[in-house]
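The values are calculated or read from the model by the stated rules, or taken from the named source; none is laboratory data. Predicted model only: the values in this text are computed from it and were never measured. Here Cβ is always computed from backbone atoms with ideal geometry, including for glycine, and neighbour counts include all displayed protein chains. Surface areas here come from the heavy atoms of the whole protein model, side chains and all, with no ligands, DNA or RNA. Shrake-Rupley method; radii C 1.70, N 1.55, O 1.52, S 1.80 Å.
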Amino acid sequence: MTYQRLLDEGYTSSQIFRPSWGSKICAACNNHSGSEEVPVRNAINTAINNSCTGKIDVIGHSMGVTLAAKTIISEGRADKVDAFIGIAGAYRGLWSCGRYPFNVTTSTCGQDGLSVSSPFLDWLYGKEIASRIYSIKSYADQVVCGTGVCTVGGVHSSRIEGEIESFTYTYGHFGLQKYTVSRQYALLD
């Protein structure tokens with residue numbers, strides 16, 4: 001949906017990078033350390049190197065939000081990212097993973113994963129990732145709000161520290177990606 005909208009608005013396929021990362025059959029096997037990072041790092045660095053302005057925009061969904069943020073920070077590329085749009089990310093953690101170190105024992109929920117207060121999320125929190133940061137969230141998100149609780153410390157888990165604005169919709173986890181394409185595109189300007 002987002003890809004097609006960007007093409008319809010005049011972007012070329014060579015200007016849009018969609019890294020394929022992680023296990024497609026075992027979501028609980030994915031985390032923010034190891035093979036998941038390589039395609040994201042390559043896409044971000046290639047996009048920056050091919051940018052005519054030297055800046056890029058990043059749109060991430062779900063774990064792609066925190067994985068892109070980690071890559072931007074680790075690569076020292078925050079000054080090269082204009083807009084960062086996080087859709088249905090668990091930037092503050094997932095209660096379905098538990099609170100670290102008493103977390104669910106999967107890669108997704110471990111020290112490099114999305115358990116509340118994991119070493120990874122504590123490291124990520126508050127670091128600069130872009131000039132403009134936005135989040136798109138829902139209180140009907142089956143993943144971020146999987147336990148019925150969407151907030152961590154009284155703040156929706158999809159909200160990103162330093163964001164300019166956060167947008168709330170009634171869609172579920174994948175609906176946020178699919179049905180907010182117009183908002184995503186508008187935030188790029």
Residue in the range 67-75 that is surrounded by fewer than 16 Cβ atoms within 10 Å (Cβ to Cβ) and either within 23 Å of Ala186 (Cβ to Cβ) or free of Cβ contacts under 8 Å to residues at least 40 places away in the same chain (or both) present: yes
Output for the range 138-150, where each listed residue is of a type outside the set (Gly, Ala, Ser), out of contact with any Gly (no Cβ under 8 Å at 6 or more places or on another chain) and free of Cβ contacts under 8 Å to residues at least 40 places away in the same chain: Tyr139, Cys145, Cys150
Every pair of residues 6+ apart whose Cβ atoms lie under 7 Å, when the first sits in the range 114-128 and is over 17 Å from Thr147 (Cβ atoms) and of a type in the set (Ser, Thr, Tyr) while the second is assigned to a loop (DSSP other than H, G, I, E, B) and open to solvent by 10 Å² or more (accessible area, probe 1.4 Å): Tyr125/Glu161
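For the range 39-52: of the residues being modelled with pLDDT of 95 or more and surrounded by fewer than 14 Cβ atoms within 10 Å (Cβ to Cβ), which is farthest from Ile73 (Cα to Cα)?
Asn50
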Candidates Gly60, Gly113, Gly64, Gly89 - the one that is part of a strand (DSSP E or B) and open to solvent by less than 20 Å² (accessible area, probe 1.4 Å): Gly60
Filter result (more than 16 Å from the chain's Cα centre (by Cα) and hydroxyl-bearing (Ser, Thr, Tyr)) within the range 153-184: Tyr169, Thr170, Tyr171, Tyr179, Ser182
